[in-house]
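Okay, so here's the structure we're looking at.
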Amino acid sequence: RNNKHLSMSSPQLPPKISRHVAVIGAGAAGLVASRELRREGHDVVVFERDNQVGGTWVYNPRVEPDPLSLDPNRRLIHSSLYRSLRTNLPREVMGFKDYPFIAKNDKKRDQRRFPGHQEVLLYLQDFASEFGIAEIVRFDTEVVHVGPVKDNIGKWTVRSKRKIRDDVREVGFGFDVDEEIYDAVVICNGHYTEPRIAQIPGISSWPGKQMHSHNYRTPEGFQDQVAILIGSSASSFDLSREIAGVAKEVHVTSRSVADETYQEQPGFDNIWLHSMVKELTWSYEKFARRASSKMLVFIKMMQIESAHADGSVVFRNGRVVVADIIIHCTGYKYHFPFLDTNGIVTVDGNRVAPLYKHVFPPVLAPWLSFVGLPWKVVPFPLFELQTKWIAGVLSGHIALPTPEEMMEDVKAFYLTLEASNIPKYRTHNLGVCQFEYDNWLASQCGCPGIEEWREQMYDAAGKSKLLRPEIYRDELDDDDDLVLEAYADFKKYTS
Ligand code: FAD
């Protein structure tokens, strides 16, 4: 609706306007954002608080001092990768559309279709050097403030802190603080660093250990332990299997199974699946709006498992387990500690709002944008399409609807979620709609959308994981034709 794309080849096109753009983060999103912005003629500076590109894919064997990462002033470790991590998507599906993630003919590189994390980092480093991105990245530089310039609509102040070695006094690091004005800011700071923790009644007196999966690296330390993993998505899937190799028992809780669930995991004699702890979900929020405070307490008690001082944990299926450790595999929060929009953009119930198509806050568009918020997606191609769109809108070659129209669209979207009982925290969960979303972005940019082989290979990998969870990474069959199609397509970019 009202999203006229002005074709790039149209003779009436106005000249492209070059903007001075700050990109925050040099992970996969920031790298492709920089490339797309520069291709469109913008003048780009990338801020990266680490000393290298890659973001999440820069494995760090160290963990944060507080295993639950609750202290807001803790020394941050950005990446949540564990040592054994292999991708959960085939590399052909995972890579950028026009910079395929193909196996390199080099014995030192990981050739597998679901490679280890180091191979993804090397791929992102290759991407950065291919497009000369490292030259425009300010490493060791953390953005600490982004806010609109007073009385100068559309301009942004970016304050950053650069780590400098104190060679004179040799006392470690000092900081150089800098403040600059930009036309636009593109936020690519990732969303897998700020853990979300499950609330469990009685946990304060529970004597066992607790940690978040953000701080898990290896199964060492889990020998003969009884571990409870809260949550059953990707990290829990991998961690439960790895820990089960050394632990006495592993209990996984899932919120998408019936309350009475108690199942031994096929192929293991020490992993059990239980029904899930319920967090403050949509149903809770819905009740919360109507219920009295007494009733609220009751609802919470009915929904949530409990932990006791004797080390036992009671599940909603009635089972009681005496456990040594609880690992919260409960995901992450969107977190923009540097952003001050005078309350225009908020994070409420893990919904970043209001955002038009998960990217632009209507009244601040296109001068502020967010890349990579959607989850349950194939991230890299989505980042590529989002950033093409942002770059084209900033140069004046792609038109946005008016702020009012965008706001109407956002409101209608939130109403649709509400009508379908979808809780706020799932606002950016695209799942089955992801390719439709990608193709919508592509249509705005006038570029090809997601390839059919990519969609089909993604579906095939998902099915394979369900059917043969232990071996899907090494024995993915039924997709030989799709691999051929993918490589035929890649020739466009590699020959
Ligand atoms: P990040 O990679 O997190 O990069 C953000 C960057 O911003 C970082 O370099 C950070 O240092 C920097 N930064 C943050 N704040 C500031 C600041 N204030 N100032 C300056 N710099 C800042 N995706 C897949 O496609 N396949 C997989 O198999 C897969 N497995 C995953 C496994 C795990 C455990 C996790 C956590 C994620 C996985 N993902 C996977 C998703 C992955 O997050 C995305 O693929 C992608 O790497 C995210 O890129 P990003 O650029 O959005 O964020």
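What follows draws every value from the coordinates through simple rules; no lab data is involved. None of these values were measured; they are calculated from a predicted model. Quick reminder, even Gly has a Cβ in these numbers, built from the backbone with ideal geometry, and neighbours come from all protein chains shown.
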Karplus 3J(HN,Hα) series, Hz, for the stretch 382-392 with 6.51 cos²θ - 1.76 cosθ + 1.60 (x for Gly, Pro): 5, 4, 4, 6, 4, 7, 4, 4, 4, 4, x
Cα lying deepest toward the dipole's positive end in the stretch 374-495, options LEU482, GLN434, SER495, charges on Cβ: GLN434
Furthest towards positive pole of dipole, TYR192, ILE164, TYR216, structure part the stretch 121-218, Cβ charges: TYR216
For every other residue with a beta carbon closer than 12 angstrom to the beta carbon of GLU242, add +1 if it is Lys or Arg and -1 if Asp or Glu, then tell me the sum. +1
Helix-only mean residue ellipticity at 222 nm, the chain, DSSP H runs n ≥ 4 weighted -39,500 (n - 2.57), per residue, nearest 500. What is it? -9000 deg cm²/dmol
Relative contact order of the stretch 113-187, defined on C-alpha pairs under 8 angstrom at six or more residues apart (%): 22
Pair LYS107, ASN421: separation of 7 Å Cα→Cβ label points (nm): 5.9
For the stretch 7-59, the charge dipole (Cβ of Lys, Arg +1; Cβ of Asp, Glu -1; about the Cα centre) points to a positive end, and the Cα of VAL32, VAL53, HIS42 closest to that extreme belongs to HIS42
About the Cα centre of the chain, how large is the charge dipole given +1 on each Lys and Arg Cβ and -1 on each Asp and Glu Cβ? Please answer in debye to the nearest 20. 860
Just how many % of Cα pairs in the chain lie over 38 Å apart, if you round to the nearest whole percent? 30
Cα-Cα P(r), the stretch 22-162, percent of pairs per 5 Å interval: 2, 9, 16, 18, 18, 15, 11, 7, 3, 1, 0, 0
Net charge dipole size for the stretch 1-110 [Lys, Arg +1 and Asp, Glu -1 on Cβ; Debye, nearest 20]: 300
Tell me, what ³J(HN,Hα) does each residue in the stretch 434-444 have, in order and in whole Hz, if you take phi through Karplus 6.51 cos²θ - 1.76 cosθ + 1.60 with θ = phi - 60° and put x for Gly and Pro? 4, 6, 4, 4, 4, 5, 5, 4, 4, 5, 5
DSSP bridge orientation in the chain - percent antiparallel, rounded to nearest 5: 50
Protection proxy ranking of 439-446, 347-354 - average other beta-carbon atoms within 10 Å, highest first: 439-446, 347-354
Note down the relative contact order for the chain as a percent, whole number, built from C-alpha pairs under 8 angstrom at least six residues apart. 19
